[in-house]
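What follows draws every value from the coordinates through simple rules; no lab data is involved. In this text, all values refer to a predicted model and were calculated from it rather than measured experimentally. Positions of Cβ are generated from backbone atoms using ideal geometry, with glycine treated the same way; all protein chains shown enter the neighbour counts.
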Number of protein chains: 2
Amino acid sequence: MSGETSLAGLKVALLSPVSWPSPPAGYGPWEQVASDVAEGLFRRGLDVTLFATGNSRFSGRLEAVVPVGLNEDPDQNADVAIALHIAHLFERAGEFDLIHNHLDWKPLTYALATTAPPLVTTIHGFSAPPILGAYYAAARRSFFCSISDADRDPGLAYLATTYNGVDPAKFTFVEQPGEYLAFMARFHPEKGAHLAIELARRAGIRLKIAGIPHDRAYFDEAIAPHVDGDAVQLLGEVRGAERDALLGGALALVHLTTRPERFGLTLIEAMACGTPVLGAAMGSVPEIVRDGVTGFVCASVDEAVGRVPQLPSLSRAACRAHVAATFSIDRMIDRYLDAYRTALRLGTPPPPTAEQLRWRAHDWWDRPMAFTDLPPKPATRPRV
Amino acid sequence: MSGETSLAGLKVALLSPVSWPSPPAGYGPWEQVASDVAEGLFRRGLDVTLFATGNSRFSGRLEAVVPVGLNEDPDQNADVAIALHIAHLFERAGEFDLIHNHLDWKPLTYALATTAPPLVTTIHGFSAPPILGAYYAAARRSFFCSISDADRDPGLAYLATTYNGVDPAKFTFVEQPGEYLAFMARFHPEKGAHLAIELARRAGIRLKIAGIPHDRAYFDEAIAPHVDGDAVQLLGEVRGAERDALLGGALALVHLTTRPERFGLTLIEAMACGTPVLGAAMGSVPEIVRDGVTGFVCASVDEAVGRVPQLPSLSRAACRAHVAATFSIDRMIDRYLDAYRTALRLGTPPPPTAEQLRWRAHDWWDRPMAFTDLPPKPATRPRV
């Protein structure tokens, strides 16, 4: 940031996913981040071309061959649309100084066919173990950014951790919260709504839960029976002002996951409102929450129960200041500009270290980071 | 062929599918043709690199990143494996004088990222209408070959029709056939086993049917009840010598399809044995069968019934001679070499004509050629 070469005028091609427009109207976290990065770079004076759906909005140059989001028009053939979207960028690769990919592994395989320009890929998450095979095979052609230190694959080299950011101005700071805890996530065992309910019951405090049923059986068995409209209140999916009010009015956001979180946008949204986080000590949580300052990083539900009485002692102003200092969109852009500078200086990614190569030969089912869809471990290690 | 420039020494990269090894042990028609083309070019002195599965066999240079066929190891991730297989070739595109693609539309989207060398794609069949969108978008980067005149999309320009070929020496010529008709295809309504049964019953002749149940309900309802081991004999899947004997011993091969056939390898295999074809007047059949010489091209089952008594009047030697003259592997290679010469001379495919552009805007559900999986026509025309 401070004093480094300006990258104003740098010709950057930014590849967004096409499941939703960029930015999305509702759900669409990858498109949201790609859109925020594109706008942020544009504000810093870079010459940005955003490759996204035709119904996207961007202050700079928008390029599109897929008219609307794949989830908005089921008549579109996703395989064909995504391939043409990626090819549309790579056919013009020579026009850019740098390509920034937010669309997972497929673009890496196209990049192998071109020698220029440098490619930076933000890995928003590994969907399934076999995807790693594509990352390894194309690692000589792309630099990688992780969205937390925790969500790194030890077989890959990373340029930087480029945390996602939010604009604090979009969240209302609340100095005096209400007397309740909040839970806001998909209803799936890994998101831990059942642990939030256990915590609230044992701590004797009201809980408001918001989200969409992702795992219906789990919701029906582990969540719904506890909803009584008083001790446990169910709000469904909340957006906009309602979401802002729920987060800001809470004594804390409860985030007792059972699977490592990759980043956790809701955590920084809560802190932007001044609301601390009671989070599980796994995944990105210890990086995002300053333990004892902007919340508590808890090793167990027992520990979390014990922390509830201490919540009022935390400074809500410190929570918001933490987001402004570390997790703003401006800080995200600073981090990406630093990553771009390194990529432009190196030109080509470094060869893998012996340790990385050892990890690549290791079982994919034995990784520190999280997969979205972890299939049962096969009897033999899959090839590719 | 005659007198044209020799292409000996031409560096050709041949991209085979990876569903099966090249050549396949059993089923795998695209891999079979790709393998036959590669071997044929190699025999003509071209410098051929075959990109196929690692367990493929080739007299020239074999390149592989996918160890075995995707259908041989379900632990492999097909999307990743196919992408890396295609990228493996295109990363080295600059080393070749020409690329010949047998792997459908995906490689076209990779080719857009590279300017050299010329690309020739054999379209072995359009799997579904939306695939045409990919062909149109990449038509400026690839020349196309069809496997019959009938299987052409009117929105595309074609270099040539490059009929598939067989080696007649691999089929036993039978001068005196038995007293039965043969049917050999997947059991699916479009292949018309039920029409073969109707024909045989009405003509009062025995029928031997061979194939695998593709559409189980169809097989159970329309085929199985007619199998009596005498008038209608079911042989299951036949390979090698058994297949050769079944085809060679028949009075005719019955091929009364209900959907246009793209090529029909079984037709030339039967004729290579000296066996004429009773075929439906649609798709490639009129191009492959010389009506009244190597079989009869029939507009209806009624017409086919009337042709049965005339079968013994056809010259079985003429059937075999027709294959040797027109549908041998050598003739297939001649056609491909001609196509290569044109591609090398032109360098870049011609722009689409006004008529082709009109067809591209036309409903995909209203085409002369066949799709493998024709979904119900949507209420609105799909985009992409």
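Here are some notes:
- Residues whose placed amide H lies under 5 Å from that of residue B:63, excluding near-sequence neighbours: B:50, B:51, B:52
- Taking a sphere under 13 Å around the Cβ of residue B:308 and counting the other residues whose Cβ falls inside, with K and R at +1 and D and E at -1, yields a net charge of 0.
- Cross-link reach list, aspartates and glutamates versus residue B:191, counting only Cα pairs under 12 Å and skipping chain neighbours closer than eight places: B:215, B:261
- Radius, Kirkwood style, for the protein assembly as shown when every pair of distinct Cα atoms is counted (Å): 29.7 Å
- Per-residue Karplus couplings for region B:99-110, computed as 6.51 cos²θ - 1.76 cosθ + 1.60 with θ equal to phi - 60°, are listed in order as 10, 10, 9, 10, 10, 6, 8, 4, x, 4, 5, 6 Hz, Gly and Pro entered as x.
- Residue pairs, from the table A:11/B:106; A:106/B:11; A:170/A:208; B:170/B:208, whose Cα atoms sit over 24 Å apart: A:11/B:106; A:106/B:11
- The GNM of chain B, with springs linking C-alpha atoms under 10 angstrom apart, assigns the highest mean-square fluctuation among B:295, B:60, B:165 to B:60.
- Environment charge at residue A:61 (Cβ cut-off 15 Å; Lys +1, Arg +1, Asp -1, Glu -1): -1
- Sequentially through region A:23-39, phi angles give Karplus couplings (6.51, -1.76, 1.60; θ = phi - 60°) of x, x, 6, x, 5, x, x, 5, 5, 4, 5, 4, 5, 4, 5, 4, 5 Hz, Gly and Pro residues having no value and appearing as x.
- Label geometry 7 Å along the beta-carbon vector: residue A:215 inter-copy distances in nm: 4.1
- Within 10 Å of the Cβ of each residue in B:133-146, the mean number of Cβ atoms contributed by other protein chains is 2.
- Stretching residue A:233 away from residue A:202 to a fully extended chain increases their span by 9.6 nm, per 0.36 nm per residue minus the current alpha-carbon distance.
- Residues whose amide H comes within less than 5 Å of that of residue A:166, counting only those at least five positions distant or on another chain, are A:328, A:329 (H built at 1.01 Å from N in the peptide plane).
- Inter-copy separations for residue B:235, label at 7 Å along Cα-Cβ, nm, ascending: 7.2
- Region A:273-344: C-alpha gyration tensor shape, a/c 1.5 cut-off, then a/b vs b/c: oblate
- Peptide B:104-114 - average C-beta neighbours from other chains (10 Å radius): 6
- Averaged over B:70-80, number of beta-carbon atoms from partner chains that fall within 10 Å: 5
- Chain A: angle of helix A:316-326 to the longest principal axis, Cα-based, in degrees nearest 10: 10 degrees
- Nearest-to-axis residue of chain B, judged by beta-carbon position, where the axis maps B onto A, in Å: B:113, 2
- In this simple spin-label approximation, residue A:241 and residue B:245 carry label points 7 Å from Cα along the Cα→Cβ vector, and these lie 8.4 nm apart.
- Distances between equivalent label points of residue A:361 across the copies, with each point positioned 7 Å along Cα→Cβ, amount to 6.0 nm, shortest listed first.
- Label separation (residue A:128 vs residue B:128): 1.7 nm, computed from points 7 Å beyond Cα along the C-beta direction.
- Shape of region B:226-319, Cα gyration tensor, a/c cut at 1.5: rounded
- At the listed q of 0.10, 0.12 Å⁻¹, the Debye profile of chain B, built from one uniform point per Cα, gives log10 I(q)/I(0) equal to -0.68, -0.98.
- Cβ-defined net charge surrounding residue A:170, 10 Å radius [Lys, Arg +1; Asp, Glu -1]: -3
- Length gained on full extension, residue B:5 to residue B:169: 56.2 nm, using 0.36 nm per residue less the C-alpha separation.
- Amide H to amide H, with H built 1.01 Å from N, residue A:187 comes under 5 Å of A:212, A:214, A:215, counting only residues 5 or more places away or on other chains.
- Along region A:249-259 the Karplus relation, 6.51 cos²θ - 1.76 cosθ + 1.60 evaluated at θ = phi - 60°, assigns HN-Hα couplings of x, 7, 5, 6, 8, 8, 9, 8, 6, 10, 9 Hz to successive residues, with x for each Gly and Pro.
- Neighbour-limited loop hits for trypsin sites (Lys or Arg not before Pro), region B:1-106 (at most 12 other Cβ within 10 Å; DSSP other than H, G, I, E, B): B:57
- Cα shape, region A:9-100, gyration tensor, a/c 1.5 rule: oblate
- Label zone at residue B:338 (point 7 Å along Cα-to-Cβ), backbone N below 16 Å, region B:1-38: B:1-7
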